[in-house]
Amino acid sequence: MIVRHDGRTWCGSVADLRDSDVEGREVVAAIRGEDAPCRIHCPAPGPLFERVGFVRPGMGLRVRPALAAAARSRGLTVPVDSELERARAERDQFSVERGQQHRATAPTADRQELRERVAELRGRVQALEDCDRDASDERAALREAAGRLSEVETARIAAEEYREQTRATRDRRDRRMRLDDRVANLERRARSQLVERVRERYERAVFALDPTVEPFDAPPPIAALAVLRIASVGAPVVLAVDHFPTLAAAADWVGGPVVRCDG
């Protein structure tokens with residue numbers, strides 16, 4: 001880790017920014033590669049960082065998801081992983097169409113009546129022409145009736161296509177929702193299994209920090225430090241709490257680089 005701020009540079013596993021005006025959230029931004037008053041060169045933060053990468057008073061923490069992320073950072077697997085991977089792959093194949101659909105208006109005229117009207121007019125035109133009589137009025141009426149029939153046929157086809165499209169989209173959406181539910185259930189099972197794999201190590205870490213608290217009811221900063229103890233840390237951990245005699249001891253505890261700051 002290399003930290004640069006205000007003409008100073010820290011290289012190694014610890015950096016102490018408490019005598020600077022840099023806040024913890026700004027250090028977090030620098031670790032993420034965002035604009036910040038300081039510059040930090042370090043490995044990119046992973047999913048675990050978003051949960052326990054900034055340990056501070058008043059933080060919130062969902063312990064079990066954080067423990068599952070810590071277990072994953074160690075490369076741990078659980079029996080349900082294969083089923084979960086297949087379920088995710090199946091779910092991702094179902095993309096529900098979200099484009100705008102234009103509702104087709106169902107035809108209001110009677111198609112059969114129009115067909116009969118067209119047939120009748122054709123017959124009258126043919127009869128008049130066979131007698132060498134003027135059929136211009138009948139031909140005009142035939143063109144009008146045939147046009148209306150064509151419009152009705154087109155509207156009927158469009159309405160049927162819309163109904164089929166809507167039905168297919170609804171079926172796909174229902175299927176996707178069922179797959180989403182299945183994936184969510186499998187993710188909960190995987191998370192529970194991962195927590196069980198690291199539970200004892202987590203409890204020992206909590207008791208080492210504060211033997212008076214219940215591990216899964218520990219204050220969030222204590223729980224976060226215990227999670228970090230069993231995780232594989234890449235990006236620096238930002239500390240705004242005092243639980244270690246030295247920053248070197250903090251870095252040794254989390255097994256990775258530490259940036260100490262105020263707030």
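Here are the numbers for the structure shown:
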{"quantity": "Selected residue (criterion: surrounded by the fewest Cβ atoms within 10 Å (Cβ to Cβ)) from residues of the range 3-41 that are part of a loop (DSSP other than H, G, I, E, B) and without any contact (Cβ under 8 Å) to a residue 12 or more places away in the chain", "calculated": "Gly7"}
{"quantity": "Criterion (acidic (Asp, Glu), closer than 30 Å to Arg189 by Cα, assigned to a helix (DSSP H, G or I) and at pLDDT 80 or above) met by exactly one of Glu90, Glu144, Glu120", "calculated": "Glu90"}
{"quantity": "Single residue of Arg204, Arg191, Arg173, Arg139 found to be surrounded by fewer than 16 Cβ atoms within 10 Å (Cβ to Cβ) and either over 30 Å from Cys261 (Cα atoms) or touching a Pro at 6+ places or on another chain (Cβ under 8 Å) (or both)", "calculated": "Arg173"}
{"quantity": "Any chance Val259 is in contact (Cβ under 8 Å) with a residue 24 or more places away in the chain, in contact with a helix residue (DSSP H, G or I) (Cβ under 6 Å, 6 or more places away or on another chain), surrounded by 15 or more Cβ atoms within 10 Å (Cβ to Cβ) and within 26 Å of Arg62 (Cα to Cα)", "calculated": "yes"}
{"quantity": "Verdict on Ser232 being in contact (Cβ under 8 Å) with a residue 24 or more places away in the chain, more than 25 Å from Val28 (Cβ to Cβ) and surrounded by fewer than 17 Cβ atoms within 10 Å (Cβ to Cβ)", "calculated": "no"}
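The values are calculated or read from the model by the stated rules, or taken from the named source; none is laboratory data. Keep in mind the model is a prediction, meaning the values are calculated, not measured. With ideal geometry, Cβ positions are generated from the backbone for all residues, glycine too; neighbour counts draw on all protein chains shown.
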